[in-house]
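Okay, so here's the structure we're looking at.
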Amino acid sequence: ETFTHLDAEGIPDRTVFHCFTGGSDEAREGLARGALLSFSGIITFRTADDLRAAVAICPLERVMIETDSPFLAPVPHRGKANEPAHVALVGAAVAESMGRPVDEVAEATTANARMFYGLEGYGPT
């Protein structure tokens with residue numbers, strides 16, 4: 001339904017699927033429309049195989065990571081309040097699923113977020 005609605009209404013120039021929870025098929029559909037996919041602590045959950053498969057097919061320049069604080073704390077903090085400091089655990093799980101080094105994913109997801117939110121030139125590079 002989401003993609004039917006986006007196709008009918010038009011997808012915004014900058015679109016991100018916040019807290020993406022789809023599988024590979026939904027990832028392909030979002031990516032085909034130019035969207036970025038943002039992954040949360042759910043990717044660390046034991047049962048999130050479909051989500052890990054989705055991030056594995058996502059180009060590095062189309063991935064973001066998030067904590068969705070105070071919800072969806074990653075393993076080993078699951079069931080507790082989430083906090084921004086846990087984003088590194090999300091990034092590590094994304095990197096593992098993509099088969100890429102953590103530093104490469106951290107650099108790319110930071111650059112993607114800066115670009116998406118118009119923050120180029122702010123903060124450390």
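What the table below lists for this structure:
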{"read-out": "Candidates 78, 28, 46, 52, filtered to the one that is basic (Lys, Arg) and touching a Leu at 6+ places or on another chain (Cβ under 9 Å)", "value": "78"}
{"read-out": "Residue ID - farthest from residue 43 (Cα to Cα), chosen from residues in the stretch 57-111 that are assigned to a loop (DSSP other than H, G, I, E, B) and touching a strand residue (DSSP E or B) at 6+ places or on another chain (Cβ under 8 Å)", "value": "58"}
{"read-out": "The stretch 27-54: number of residues that are closer than 16 Å to residue 82 by Cβ, assigned to a loop (DSSP other than H, G, I, E, B) and either charged (D, E, K, R) or out of contact with any strand residue (DSSP E or B) (no Cβ under 9 Å at 6 or more places or on another chain) (or both)", "value": "2"}
{"read-out": "Contacts under 7 angstrom Cβ, first residue in the stretch 3-26 being touching a residue at least 24 places away in the same chain (Cβ under 8 Å) and part of a loop (DSSP other than H, G, I, E, B), partner among the hydroxyl-bearing types (Ser, Thr, Tyr) and surrounded by 14 or more Cβ atoms within 10 Å (Cβ to Cβ), 6 or more apart", "value": "18/38; 19/38; 19/40; 20/38"}
{"read-out": "Among residues of the stretch 98-117, those that are open to solvent by 30 Å² or more (accessible area, probe 1.4 Å), under 14 Å from residue 64 (Cβ atoms) and not hydrophobic (A, V, I, L, M, F, W, C), counted", "value": "4"}
{"read-out": "Checklist (1) within 19 Å of residue 16 (Cβ to Cβ); (2) open to solvent by 30 Å² or more (accessible area, probe 1.4 Å); (3) modelled with pLDDT of 95 or more applied to residue 71, failing item", "value": "(3)"}
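The values are calculated or read from the model by the stated rules, or taken from the named source; none is laboratory data. All of these numbers come straight from a predicted model, not from anything done at the bench. Cβ coordinates were reconstructed from backbone atoms using ideal geometry, including for glycine residues, and neighbour counts include every protein chain displayed. Heavy atoms of the whole protein, side chains included, go into the accessibility calculation; ligands, DNA and RNA do not. Shrake-Rupley method; radii C 1.70, N 1.55, O 1.52, S 1.80 Å.
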